[in-house]
Structures are given as structure tokens and as C-alpha cells.
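Every number in this text was worked out from the coordinates using simple rules, so none of it is lab data. All figures in this text were calculated on a predicted structure; none of them were measured in a lab.
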Amino acid sequence: MQERKNKAKQERGFTLLEMMIALAVLTLGVLSLAGMLANSLTYMKNSQNDFIAQQKAQEALEAIYTAKYDNTITFSQVANTSSTPPGVFLSTPQPILQPGSDGLVGTSADSTANPAYIYLPGPDGLMGTADDLTVPLSGFTRTITITPYPGDTNLKTITVTVSYGSGRYARSYTMNSYISAFN
């Protein structure tokens with residue numbers, strides 16, 4: 001009988017306190033993973049909008065360079081409408097529209113232009129088929145700011161900022177560049 005009591009003392013299991021601590025640690029780990037998963041899904045959702053913002057900023061810069069270097073506009077016209085002398089580019093945030101009659105984005109000629117849009121694959125998952133989706137970029141704005149470069153009258157700084165809402169957050173992408181008076 002004595003041997004049986006000693007054997008029972010040696011074969012003790014986990015106590016209730018040990019089990020509750022282990023369960024708390026496990027719960028903390030699972031909740032951390034769930035939070036990380038939610039952040040990852042939000043990041044994935046925003047990556048497409050980040051890419052669109054980057055491309056629309058680059059599009060504006062390329063339009064300015066092309067217009068300047070093919071002599072559609074002069075170097076003095078590469079300025080905001082609020083500058084002295086006034087240029088052709090609006091200085092306030094503008095909805096992202098297709099280029100207006102002048103072929104440039106961010107000018108007063110855009111006021112009659114249609115909204116810019118992107119194409120996404122339709123239900124068949126293929127681009128270039130009849131079921132492709134046209135998604136307007138209605139939640140995006142673009143601001144083009146052109147300032148003289150300090151100390152050099154033949155150089156200007158161009159800052160293009162594309163802003164958009166992402167859930168409850170406002171996000172933006174800014175691209176800076178320079179343009180010269182020389183071809």
C-alpha cells in the first residue's frame with residue numbers, strides 16, 4: 001500500500017495554474033499572428049493604390065518633359081498658374097483626369113476631360129477580353145508644384161504629389177525632379 005502512494009506522488013500531472021499560464025501564452029501567440037495577418041492584408045490591398053499613385057506621378061513628369069522638349073510649351077510656361085509669370089499648370093490638388101486638349105495633365109484644359117481609369121481583368125481573369133472592368137480613379141488627386149531652383153534661373157524643381165484615401169487613412173506619393181531651360 002505504501003508503494004502505491006509513493007508511485008502516485010511521482011506521477012503527478014500539470015497543475016491547474018500551469019495549464020492556465022500555458023493557455024494564456026498560447027492565446028497571446030495566436031492573437032499576435034491574427035494581428036499580423038490583418039496588417040498584411042491591409043498592406044496587400046494598398047499596394048495596388050501605391051503603384052497607381054507612383055505611375056500617375058511619373059505620367060505627369062513625363063508629360064511635362066515631353067511638352068518642354070518638343071517645344072509644345074516654353075521653359076517659362078513650365079510653371080504654376082499662380083506663379084509670376086503665370087505658367088500652364090494648376091497649383092491646387094486636381095482630380096486625376098485624362099489629358100485635356102493640350103495633351104498635358106494638371107492644366108486648365110483638363111476641366112472638360114473624362115476621369116482617368118484603369119483596366120482590371122474581368123471574371124475570366126484575362127486582360128483584353130470583353131469582360132474587363134473599367135475602374136475610374138475617382139479617389140485620387142494630383143498636385144503639381146513647380147518652383148524656381150534657388151540660385152539658377154535655368155533650372156526648376158517639379159514636385160508631383162498624388163494623394164488618395166485608403167480606408168480611414170490618407171496616403172500620398174511624392175516624386176521630385178528638375179527641368180532645365182536647355183534642350
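Here is how the numbers come out for the structure above:
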| item | result |
| --- | --- |
| Gained length - D50 relative to E62, 0.36 nm times residue gap less alpha-carbon distance | 2.5 nm |
| For the chain, built as a Gaussian network whose Cα springs stay under 10 Å, the top-fluctuating residue of T66, T74, T15 | T15 |
| With Cα atoms, 0 to 90° folded angle of helix 16-69 axis to the chain main axis | 10 |
| Value of [θ]222 nm, deg cm²/dmol, for the chain, DSSP H segments ≥ 4, -39500 (n - 2.57) each, nearest 500 | -12500 deg cm²/dmol |
| Per residue convex hull volume, Cα atoms of the chain, in Å³ | 238 |
| Cut-off under 5 Å, modelled amide H: who pairs with Y149 long-range | L155, K156, T157 |
| Relative contact order (%) - criterion: Cα under 8 Å, at least six apart; region: region 82-183 | 19 |
